[in-house]
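J.: Shown below is the structure under consideration.
The values are calculated or read from the model by the stated rules, or taken from the named source; none is laboratory data. None of the values given here were measured: they were computed from a predicted structure. Reconstructed Cβ throughout: ideal geometry from the backbone, glycine too, with neighbour counts over all protein chains shown. With ligands, DNA and RNA removed, areas are computed over all heavy atoms of the protein, side chains included. Shrake-Rupley method; radii C 1.70, N 1.55, O 1.52, S 1.80 Å.
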Amino acid sequence: MRRPEYRPGTHFPSGTTVQPAGPGDRTVWGEPEMPVDLSPKGALIRFLHVFKIYRIADTGVVALAGVELDIKQAEFLAVVGPSGSGKSTILNLAGGLDRPTAGVVEVDGQDLGRLSDDELTIYRRDKVGFVWQGTARNLVPYLNIRDNVGLPLIAAGQNGGRARAMELLEVVGLADRARHRPGELSGGEQQRAAIAVALANLPPLLLADEPTAELDSESAERVLSTFHDVNHEFNVTIAMATHDLVAAARADRIVRVRDGHLVREPHSAGKVDDEGRVHLPDEVVQALWGTELEAEVHDGSVHLRPKTERHVAGKRRGGEEKS
């Protein structure tokens, strides 16, 4: 079946057969007819009207529908949205794990749709670090942490793996756990070790898919602090997919995905104005609307959380006694 002609704003009819561009087909469906500048100053990643449609039996499931997104060099970006919204698909495309059905995904000047499978393997090895939600997916269980961090260097044919591994473990605060295996670490320590593994080849891009989903709040905070530290120390671009608004608030910028579309691109997660007021993002206000909150000031930041039932009940009892 002939591929339908693509133009910006095209809607795919039900039953359309869509095949992603592969190594044998170097023409990316949806590529502009005239040459365009794909590398604006400061943008490491560009999504140009990107569609991703998965074929399930006779049904086409649209994961991304015309996404336009630029991610700047050294930016810490949070991609938020409910399950199935398309946020993980954005990471998979940027990481070279999947190919777009239409449109262009460009990273560091390379159109990923034009790369062969072997070229994509080299791209993932040299240009991308991955941190996954499941801690077991990030680390080899029978190797100690130092050897886990050194493994990508061996795969790349580089020397000095142990020295580099210890330097990275020092950065993520795990130098004293270097000889421990993953099963001997807490969930938060495993994720911090995974960040060190992801940075072993010093890639310009770090992709994290729900990295705090399986962690308690204290461990999650340490992992997010580690992301913040490596973002500044190594000048690495971080794109993190999450449904956790608290985690997203640690990023430089938040983009929201719903039903395969970018809903909006706020420029900040919440800033303090000259009068000391904090303007929260709309999604945070909606999530907390009608909830009685308590605030805690800690290490220069303000933490808002719902009041516990015991606290609220105690307050009510105290009011009843006074009356």
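J.: Is it the case that some residue within the range 161-169 is more than 19 Å from THR121 (Cβ to Cβ), touching a residue at least 12 places away in the same chain (Cβ under 8 Å), of a type in the set (D, E, K, R) and out of contact with any Asp or Glu (no Cβ under 9 Å at 6 or more places or on another chain)?
T.: Yes, the range 161-169 contains at least one residue that is more than 19 Å from THR121 (Cβ to Cβ), touching a residue at least 12 places away in the same chain (Cβ under 8 Å), of a type in the set (D, E, K, R) and out of contact with any Asp or Glu (no Cβ under 9 Å at 6 or more places or on another chain).
J.: Separate question: Restricted to the range 185-215, and to residues that are in contact with a helix residue (DSSP H, G or I) (Cβ under 8 Å, 6 or more places away or on another chain) and open to solvent by 40 Å² or more (accessible area, probe 1.4 Å), which residue is modelled with the highest pLDDT?
T.: Among those residues, the one meeting the criterion is SER186.
Per-residue answers, yes or no, for (1) out of contact with any strand residue (DSSP E or B) (no Cβ under 9 Å at 6 or more places or on another chain); (2) of a type in the set (A, V, I, L, M, F, W, C); (3) under 21 Å from ILE45 (Cβ atoms):
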residue	(1), (2), (3)
GLU167	yes, no, no
VAL171	yes, yes, no
ALA175	yes, yes, no
HIS180	yes, no, no
GLY183	yes, no, no
SER186	yes, no, no
GLN191	no, no, no
LEU199	no, yes, yes
LEU205	no, yes, yes
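J.: Identify all residues within the range 48-74 that are farther than 24 Å from HIS232 by Cα, of a type outside the set (Lys, Arg) and touching a helix residue (DSSP H, G or I) at 6+ places or on another chain (Cβ under 8 Å); write none if there are none.
T.: Those that are farther than 24 Å from HIS232 by Cα, of a type outside the set (Lys, Arg) and touching a helix residue (DSSP H, G or I) at 6+ places or on another chain (Cβ under 8 Å): VAL50, ALA63, LEU64, VAL67.
J.: Have a look at ALA213, ALA196 and point out the one that is of a type in the set (A, V, I, L, M) and part of a helix (DSSP H, G or I).
T.: So the residue among ALA213, ALA196 that is of a type in the set (A, V, I, L, M) and part of a helix (DSSP H, G or I) is ALA196.
J.: Within the range 80-95, which residues are of a type outside the set (S, T, N, Q) and modelled with pLDDT under 95?
T.: VAL80, GLY81, PRO82, GLY84, GLY86, LYS87
J.: Taking the range 69-91, which residues are of a type in the set (S, T, N, Q) and either surrounded by 19 or more Cβ atoms within 10 Å (Cβ to Cβ) or over 13 Å from GLU210 (Cβ atoms) (or both)?
T.: GLN73, SER85, SER88, THR89
J.: Give the residue that is most open to solvent (accessible area, probe 1.4 Å), with candidates limited to residues of the range 35-68 that are at pLDDT 90 or above and at positive phi.
T.: HIS49
J.: On to the next question. Scan the range 303-314 and give yes if some residue there is farther than 30 Å from LYS127 by Cβ, among the hydrophobic types (A, V, I, L, M, F, W, C), at pLDDT below 60 and not in a strand (DSSP E or B), otherwise no.
T.: Among the residues of the range 303-314, at least one is farther than 30 Å from LYS127 by Cβ, among the hydrophobic types (A, V, I, L, M, F, W, C), at pLDDT below 60 and not in a strand (DSSP E or B), which makes the answer yes.
J.: If you go through the range 91-108 one residue at a time, how many are out of contact with any Phe, Trp or Tyr (no Cβ under 7 Å at 6 or more places or on another chain) and touching a residue at least 24 places away in the same chain (Cβ under 8 Å)?
T.: Matching residues across the range 91-108 total 10.
J.: Can you pull out the residues in the range 153-184 that are modelled with pLDDT of 90 or more and assigned to a loop (DSSP other than H, G, I, E, B)?
T.: Of everything in the range 153-184, those that are modelled with pLDDT of 90 or more and assigned to a loop (DSSP other than H, G, I, E, B) turn out to be VAL172, GLY173, LEU174, ALA178, ARG179, HIS180, ARG181.
J.: Can you name the residue in the range 216-249 that is crowded, with 18+ Cβ neighbours inside 10 Å and of a type in the set (Ser, Thr, Tyr) and, of all such residues, is nearest to the chain's Cα centre (by Cα)?
T.: Going through the qualifying residues, I end up with THR242.
J.: What pairs can you find where one residue is in the range 109-138 and farther than 24 Å from ASN235 by Cβ and among the basic types (Lys, Arg), the other is open to solvent by 30 Å² or more (accessible area, probe 1.4 Å) and at pLDDT 95 or above, and their Cβ atoms are less than 9 Å apart, with a gap of 6+ or different chains?
T.: ARG137/PHE130
J.: Being in contact with a Lys or Arg (Cβ under 7 Å, 6 or more places away or on another chain), open to solvent by 60 Å² or more (accessible area, probe 1.4 Å) and over 22 Å from LEU207 (Cβ atoms), is that true of even one residue in the range 156-171?
T.: Yes, the conditions are met somewhere in the range 156-171.
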